[in-house]
Amino acid sequence: MNAHTTSECSEAYIALGANLGDREQTMLEALRQLDKHPSIQVLRCSSLYETEPVGYVDQPMFLNMAAAISTLLSPLELLAVMQRIESRLGRKRLVHWGPRTVDLDLLWMTGQNMNTRELILPHPRMLERAFVLMPLGDIVPEDEPSGLHMTVKTALESLEGKEGIQLWKTCSLHSGSALSES
């Protein structure tokens with residue numbers, strides 16, 4: 001990240017999903033592209049989970065994960081960066097909730113509440129989806145000051161339908177350690 005002070009940064013949580021192509025590599029490439037942006041740093045990543053499709057169910061299984069980032073961008077600027085990455089990685093928006101090479105959703109951002117046509121924060125359905133909550137549970141620290149950790153934990157404990165999500169691969173990417181080119 002460029003030379004701005006840490007106090008100007010916001011922490012944000014992003015959900016990643018993919019069910020076409022090399023799902024794992026596409027999501028890791030999305031994380032690399034986020035981390036290469038001068039105003040974004042990937043801090044932590046969850047394990048990968050394989051999940052059944054929701055909504056439009058006649059499609060391949062998904063891989064899902066979550067990432068914590070630090071950013072100098074506003075929520076709408078971050079959303080624009082995420083959508084450009086999706087497009088570069090082949091995302092086509094043909095069927096609502098349909099198959100995709102990659103999907104990046106901005107779930108939550110420190111101190112941000114908004115409800116616009118482009119973006120709602122916190123994400124309105126994040127507490128209803130096991131494929132979002134389980135990865136988030138991996139990376140939201142217990143001492144997170146907004147209480148997000150307890151919110152995620154409580155929602156996950158009461159959520160039904162968790163049997164449709166299975167740990168696929170344990171990952172512990174911290175501070176971009178596995179995001180650099182090899």
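Restricting the range 113-171 to residues that are within 16 Å of the chain's Cα centre (by Cα) and acidic (Asp, Glu), which is nearest to residue 28 (Cα to Cα)?
Taking the candidates together, the pick is 138.
In the range 112-136, what residues are open to solvent by less than 40 Å² (accessible area, probe 1.4 Å) and either of a type outside the set (A, V, I, L, M) or closer than 17 Å to residue 67 by Cα (or both)?
Within the range 112-136, 121, 123, 126, 129, 130, 132, 133, 135, 136 qualify.
Of the numbered conditions (1) at pLDDT 90 or above; (2) of a type outside the set (Ser, Thr, Tyr); (3) over 21 Å from residue 63 (Cα atoms), residue 135 satisfies every one except a single condition; which is it?
The one condition residue 135 does not meet is (3).
Please go through the range 12-21 and give me each residue that is at pLDDT below 95 and out of contact with any Asp or Glu (no Cβ under 8 Å at 6 or more places or on another chain), ordered by number.
From the range 12-21, those at pLDDT below 95 are 17-21; that's our starting set.
Listed by number, the residues that qualify are 19, 20, 21.
Of all residues in the range 44-63 being in contact (Cβ under 8 Å) with a residue 12 or more places away in the chain and among the β-branched types (Val, Ile, Thr), which is least open to solvent (accessible area, probe 1.4 Å)?
First, pick out the residues of the range 44-63 that are in contact (Cβ under 8 Å) with a residue 12 or more places away in the chain: 44-56, 59-63.
Among the residues that remain, those that are also among the β-branched types (Val, Ile, Thr) are: 51, 54.
Values: 51: 4, 54: 79 Å².
Checking each candidate, the answer is 51.
With the checklist (1) of a type in the set (Val, Ile, Thr); (2) under 17 Å from the mean Cα position of the chain (by Cα); (3) modelled with pLDDT under 95 in hand, flag the one item residue 5 doesn't pass.
So residue 5 meets the others, but not (2).
Based on what the data block shows, is residue 66 modelled with pLDDT of 95 or more and either open to solvent by less than 20 Å² (accessible area, probe 1.4 Å) or more than 20 Å from residue 121 (Cα to Cα) (or both)?
So residue 66 fits the description; yes.
So residue 33 clears everything in (1) in a strand (DSSP E or B); (2) at pLDDT 95 or above; (3) not aliphatic (A, V, I, L, M) except one condition, right? Which one?
(1)
The values are calculated or read from the model by the stated rules, or taken from the named source; none is laboratory data. The structure displayed is predicted, hence computed values, not measured ones. Cβ sites come from the backbone with ideal geometry, for glycine too, and all protein chains shown count toward neighbours. Just so you know, the surface numbers come from the protein's heavy atoms only, side chains and all, with ligands and any DNA or RNA stripped out. Shrake-Rupley method; radii C 1.70, N 1.55, O 1.52, S 1.80 Å.
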